[in-house]
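The values are calculated or read from the model by the stated rules, or taken from the named source; none is laboratory data. Treat the numbers as computed from the prediction; the structure is a model and nothing was measured. Ideal geometry is used to build each Cβ from the backbone, glycine not excepted, and the neighbour counts take in all protein chains shown. Calculation scope for accessible area: heavy atoms of the full protein, side chains included, ligands and nucleic acids excluded. Shrake-Rupley method; radii C 1.70, N 1.55, O 1.52, S 1.80 Å.
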Amino acid sequence: MSSDCIFCRIVAGEIPATIVYQDDQVTAFKDIQPQATVHILVIPNQHVASLNEADRLDPALLGRVLQAAATVAREAGIAESGYRLVTNTGPDSGQTVHHLHFHVLGGNPLRLPLG
Ligand code: 5GP
Ligand code: ZN
């Protein structure tokens, strides 16, 4: 828990968020500025800055985050229509929050190209 990290504070319940899934390892909540009809962020409760620090996490935790992404997509009703899972890492990606997070985007046709 990093008290100056907005996502750690959401996990701790110190900042309000629309949480759609939470267990002792993973939290998922609606993005405050949605870029698709469904836009949910899925994060490990443990703080790491980005995927660059993935080696600091238990591989099983990373797996749980991906499984939670699939769960929230299914519960949001977009498993069949489709969705995109995105994690921005570092300056060129435009990462703005430095706590590893995966965007689940769907509910409408998504634009391409990615890069
Ligand atoms: P990034 O640009 O780092 O990949 O994505 C950060 C995301 O976090 C953005 O889509 C932004 O809208 C979202 N975000 C930033 N602050 C908050 C917040 O306080 N609450 C919620 N729910 N989302 C946030
Ligand atoms: Zn954090």
Exercise. Using a Gaussian network for the chain with springs between C-alpha atoms less than 10 Å apart, which of these wobbles most: Q25, Q33, Q95?
Worked result: Q33
Exercise. In whole Hz, what ³J(HN,Hα) sequence does segment 49-62 give by Karplus (6.51, -1.76, 1.60; θ = phi - 60°), x for Gly and Pro?
Worked result: 5, 6, 5, 4, 9, 4, 5, 7, 9, 4, x, 5, 5, 4
For this session: For the chain, just run the numbers: alpha carbon Rg, then divide by 2.2 N^0.38 Å, N being how many residues it has.
Result: 1.01
Problem set entry | For a label point 7 Å along the Cα-to-beta-carbon line of S81, residues of segment 98-115 with backbone N under 17 Å | 104-112
For this session: Would you please give the residues with an amide H less than 5 Å from that of V38, counting only those at least 5 places away or on a separate chain, with H modeled from the backbone geometry?
Result: G106, G107, N108
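Leaving out ligands and nucleic acids, note down the accessible area per residue over segment 6-106 with a 1.4 angstrom probe, in whole Å².
54
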For this session: Using just the helices of the chain, give the 222 nm mean residue ellipticity in deg cm²/dmol: DSSP H runs with n ≥ 4 each add -39,500 (n - 2.57), and the total is spread over all residues, rounded to 500.
Result: -6000 deg cm²/dmol
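Tally up the carbon and sulfur contribution to the accessible surface of segment 6-106 as a whole percent, 1.4 Å probe, everything protein left in place. Show your work: numbers first, answer last.
Working: 2690 of 5460 Å².
Looking at segment 6-106 in its full context, I get 49 percent from C and S.
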Exercise. What nm value, rounded to one decimal, do you get for the distance between D55 and E14 when each label is placed 7 Å out toward the C-beta?
Worked result: 2.9
